[in-house]
Structures are given as structure tokens and as C-alpha cells.
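S.K.: Once you've had a glance at the structure underneath, I'll fire off some questions.
Read the figures in this text as sums done on the coordinates, not as results from a lab. Worth saying up front: this structure is predicted, and the values here are computed from it rather than measured. Glycine also receives a Cβ, built like all others from the backbone with ideal geometry; neighbour counts cover every protein chain displayed.
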Amino acid sequence: MPSTENRNINSKDLDLKSTREIIEIINKEDQSIAKKVGQKIGEIEKLVDELVRVLNRGGRLFYIGAGTSGRLGVLDASEALPTFSVNPNLINGIIAGGDKALRNPVENAEDNEEMGKLDLIKNQFTKEDMLVGIASSGRTPYVIGALKYAREIGASTGSLSCNLDSLISKYADCPIEVDTGSEILTGSTRMKAGTATKMVLNIISTTAMVRIGKVYDNLMVDVRVSNKKLRKRAISIIKEVCEVDEKRAEKLLNESQNSVKCAILMGLKDIKRDEALNILKENDGFLRRGIQ
């Protein structure tokens, strides 16, 4: 039995506890998760390095999972566009049961191994892409079916589970196993396992984006300026890097057609947008290289 299905002695008699006692138990259990993720840095590094190789050769990333695992994959994928201005198809999230499963459970969707394969085919997954299968239990048939298919066609594969010696690890080139242990509410992997999954996905996507040139220093220089909040953030970044006032930063952003990278090069080098674009192209989109 997976450890996530075991009873947690620390939450025994949970229904007899006060509100504060329940909250304190949950909080104490959650505090162990970051440490357990930290124990798997080597496994995460291997997966990220493979992902960067795939992205640099023109491939894409696909997350696939069921239930909470699937929702977290879709969430991480959906954040890539506004945060890093990537192609909408570069990072993809697939959940068993389709998009309706994001809000409402779809009965037995996770038990269909063949559907995992079919959903990859439907989403035009190819051998040039990378699949990361997510399953807290480590044994979800839907995810196993997808990983088997990805391997069959020669694609790179990774997996993320919250149990040791997980079945899905056998079908992944780059498996990650975070042993989150038993849940406060027995078997409710939306809790500690879900927290660990979100942490690892944050690490994977953010590190990969840094490695392919989407970040300068620790600044979100490829942010998509799609609303007032993000426009304000973009202006703030330009102000800081170019050491100019807000009026000048906003002018640079407008002239760059909302490209923070272009605006920074225009401000630092006193050049026009077209020249800034050429510099970025010559340096594979890496702003630091373009500045130097």
C-alpha cells in the first residue's frame, strides 16, 4: 500500500479536536514538505536538464495527471504564458476526463490506461516533446498509459510521485519520488502530496525558463503585459535595470511594443526597437548576453 494511504498517528482522533488543534496539526505536518522536496534536488535537476535540452531543440513540455495531480499540472502550464510570454503551446497540461474535470470529478477517468495514450495523440504529442506524468500514488493507470506511449515513440519522459518505488517511475527516464508520508486525512493526497507536487512543478518550470533565457537577474523580463498590474511590473523592471524614472520607463515600454527585453536594450544602448530585436535574436533571447 502506498504510504499516502497509511493512517497518520499525528492526526488520530481528529474529529475530537478543537478548531485550533486541527489547524496546528495540519500546519505542523505541512512544515515537513519543503525539507522532503529538498531531499530530491538531484532527481529534479536531472529532469530539468533533460527538459531544457528538449525545449532548446524545439520540443514542448506536457504534464499529464488525474484529479489533483492533473489540476496542478494544468495550473503550472497555464502560468507560463503570462509569466514568461512563451508560445501558448510550449507548456501543456492534460487532465484525465478533459477540461470539465478541472471543476468536477469525472468518474473512473483515471482508471483508463488507453485514454492516457489517446489524450496524448489528441494533443499531437511527438517524440520531440517531453512528458511528465504526475500521480501522488505513483500507480494511476491513465498516467502509466501515457508514459508507456511516450516511451514507445521515443520521447523524453519524467514522472512525479509522492511514494517511494512508484510504478510510474518504471516508465520514466527522469523519475522524481517525494516521500510525503501519510496524510492528516487518510488518503487525501490533495493535502501534503498536493503541496509537494506544486512545489516541485514550480521548481521545474521556473528553473527551465531561467535556463532558456526567460529571466534576467531575478527579474521577469519576458512578462506578458496583458493587464494593469503586469504593465506596472514591466515599467518597474525597466526603471530598475535602466536606472531611469517612471516616465522614461513607460516611454521605452511603449516604443518597444510592450517587450520588456527590447525596452531595456533600447534604454541601455540608446537604440531603436528593430536593433534591439536583432540583438536578442543573435543571443537566443538571453538579455544578459545582449547587454554585454
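S.K.: Within the chain, which is the longest segment containing none of the GluC sites (Glu not before Pro) that sit in a DSSP loop and have at most 16 other Cβ atoms within 10 Å?
M.R.: Values: sites that count: Glu107, Glu128, Glu243.
Result, exposed sites excluded: 129-242.
S.K.: Net charge within 15 Å of Ala34 by Cβ-Cβ distance, Lys/Arg positive one each and Asp/Glu negative one each, not counting Ala34 itself? Please list the in-between numbers first.
M.R.: Details: positive: Lys28, Lys35, Lys36, Lys40, Lys192, Lys198; negative: Glu29, Asp30, Asp179.
That works out to +3.
S.K.: I've got another one for you. Within straight cross-link reach of Lys100, meaning Cα distance under 20 Å, which lysines are found once same-chain residues fewer than 8 apart are removed?
M.R.: Answer for Lys100, where 20 Å is the Cα cut-off: Lys117, Lys122, listed by chain and number.
S.K.: By count of other Cβ within 10 Å, fewest leading, how are Lys261, Lys239 ordered?
M.R.: Values: Lys261 27, Lys239 18.
Fewest-to-most Cβ neighbours within 10 Å comes out as Lys239, Lys261.
S.K.: Restricting to DSSP loop positions (anything but H, G, I, E, B) with no more than 12 other Cβ atoms inside 10 Å of their own Cβ, which trypsin sites (Lys or Arg not before Pro) remain in region 9-55?
M.R.: On the way: sites: Lys12, Lys17, Arg20, Lys28, Lys35, Lys36, Lys40, Lys46, Arg53; in loops: Lys12, Lys17, Lys40.
Loop-located and lightly packed - Lys12.
S.K.: For Cys174, enumerate residues with amide H under 5 Å from its amide H, sequence gap 5+ or separate chain, H modeled in the peptide plane.
M.R.: Thr157, Gly158, Ser159
S.K.: Name the residue, out of Thr19, Thr195, Thr186, whose mean-square fluctuation peaks in a Gaussian network model built on the chain with Cα pairs under 10 Å.
M.R.: It is Thr19.
S.K.: Mind checking which aspartates and glutamates have their C-alpha under 19 Å from Lys228, skipping anything on the same chain fewer than 8 residues away?
M.R.: Glu79, Glu240, Asp245, Glu246, Glu250, Glu255
S.K.: Just the number, please: percent antiparallel of the DSSP beta bridges in the chain, rounded to the nearest 5.
M.R.: Numbers: 1 of 20 bridges.
Rounded to the nearest five, the antiparallel share is 5 percent.
S.K.: Hey, what did region 3-212 get for relative contact order, percent, Cα under 8 Å, at least 6 apart? Don't jump to the answer; show the numbers that get you there.
M.R.: Numbers: 407 pairs, mean separation 59.5, N = 210.
Contact order relative to length: 28 percent.
S.K.: Roughly how many whole Å is it from the C-alpha centroid of region 67-84 to that of region 1-66?
M.R.: 16
S.K.: Restricting to region 31-154, compute how many DSSP beta bridges are antiparallel as a %, nearest 5.
M.R.: Bridges in region 31-154 that DSSP calls antiparallel: roughly 0 percent.
S.K.: Place a +1 charge on the Cβ of each Lys and Arg in the chain and a -1 charge on the Cβ of each Asp and Glu, then give the dipole magnitude about the Cα centre in debye, rounded to the nearest 20. Could the numbers behind the result be given before it?
M.R.: Values: 44 positive and 41 negative charges, 166 e Å.
Computed charge dipole of the chain: roughly 800 debye.
S.K.: Here is a further query. Given Tyr171, Ser18, Ala208, which one lies farthest toward the positive end of the charge dipole of the chain, if we put +1 on the Cβ of every Lys and Arg and -1 on the Cβ of every Asp and Glu?
M.R.: Among Tyr171, Ser18, Ala208, the one farthest towards the positive end of the dipole of the chain is Ala208.
S.K.: May I pose another question? Given Lys46/Lys281; Lys35/Lys198; Lys247/Lys272, which pairs have Cα atoms separated by over 25 Å?
M.R.: Values: Lys46/Lys281 28 Å; Lys35/Lys198 14 Å; Lys247/Lys272 18 Å.
Correct reply: Lys46/Lys281.
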